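The values are calculated or read from the model by the stated rules, or taken from the named source; none is laboratory data. These numbers were taken from a predicted model, which means no experiment stands behind them. Note: ideal-geometry Cβ built from the backbone for every residue, glycine included; neighbour counts use all protein chains shown. What goes into the accessible areas is simple: the full protein's heavy atoms, side chains included, and nothing from ligands, DNA or RNA. Shrake-Rupley method; radii C 1.70, N 1.55, O 1.52, S 1.80 Å.
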Amino acid sequence: DEEREFVSNFEGRPIPFVERISELHFLQDAANAIQSTGGISVVEVLGLAGSGKSRLIQEFRSSRRESTQLCIQPQQGMANPMANLRGALDSLLTGHFGSTEQALDLLLMETQGLEQTLLDASRETLRRFFSGERVAPLDEREWENQRKLLFFSLARLFGALTQEHPCILIINEARDASEPMRQLVAYLSEQGNAPRGLLIVLEIETTADS
């Protein structure tokens, strides 16, 4: 399986990973910390184009095969600015539970302390999200009204995915992420909203002037 091997090749020969070892250890330490404490961490992988950011992340992912992993590649100009996240989650949930619908029913059972009306609204919001409905309406006020419930629902889903192992959310080329994705990361990072056991890795390309 090429996706899971993460071995770079040149003329058919594997290229060993020899650079950015300290950064790889930093990422591994961050993952170990959230596994021990159940907290959340956001790590930025910075570097110029061609400096080895993608290879570093590949090596990190390869070293954390037991973790739930989601890798997002933002694309500008998409009709649905969170379609890549939806697609990655849908693939993950379908692979583990047979269907997204079954996954939501199993993962989002009644939660102590939450009103039934809120639970029902959260589940319905996620069903709409996975059906492909636009999640960022053109009307900014309408989006603001929907945003908190959607982000709350996604935080619950991430929390459910971290019950056994940490969940690693990787956003490649994070500078190109849509505004709703940026808002989601900010929401997940806030104390009180953060699901336990979530590591967010942002790959960010820098320039010589930055």
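In segment 80-99, how many are open to solvent by less than 50 Å² (accessible area, probe 1.4 Å), over 15 Å from CYS167 (Cβ atoms) and touching a Phe, Trp or Tyr at 6+ places or on another chain (Cβ under 9 Å)?
Total meeting the criteria: 1.
Taking THR68, is it of a type in the set (S, T, N, Q) and free of Cβ contacts under 8 Å to residues at least 60 places away in the same chain?
No, not satisfied.
Would you call ILE40 open to solvent by 40 Å² or more (accessible area, probe 1.4 Å) and under 19 Å from the mean Cα position of the chain (by Cα)?
Yes: the conditions hold for ILE40.
Report whether or not ALA88 is under 15 Å from GLU173 (Cβ atoms) and free of Cβ contacts under 8 Å to residues at least 60 places away in the same chain.
Judged against the criteria, ALA88 is a match.
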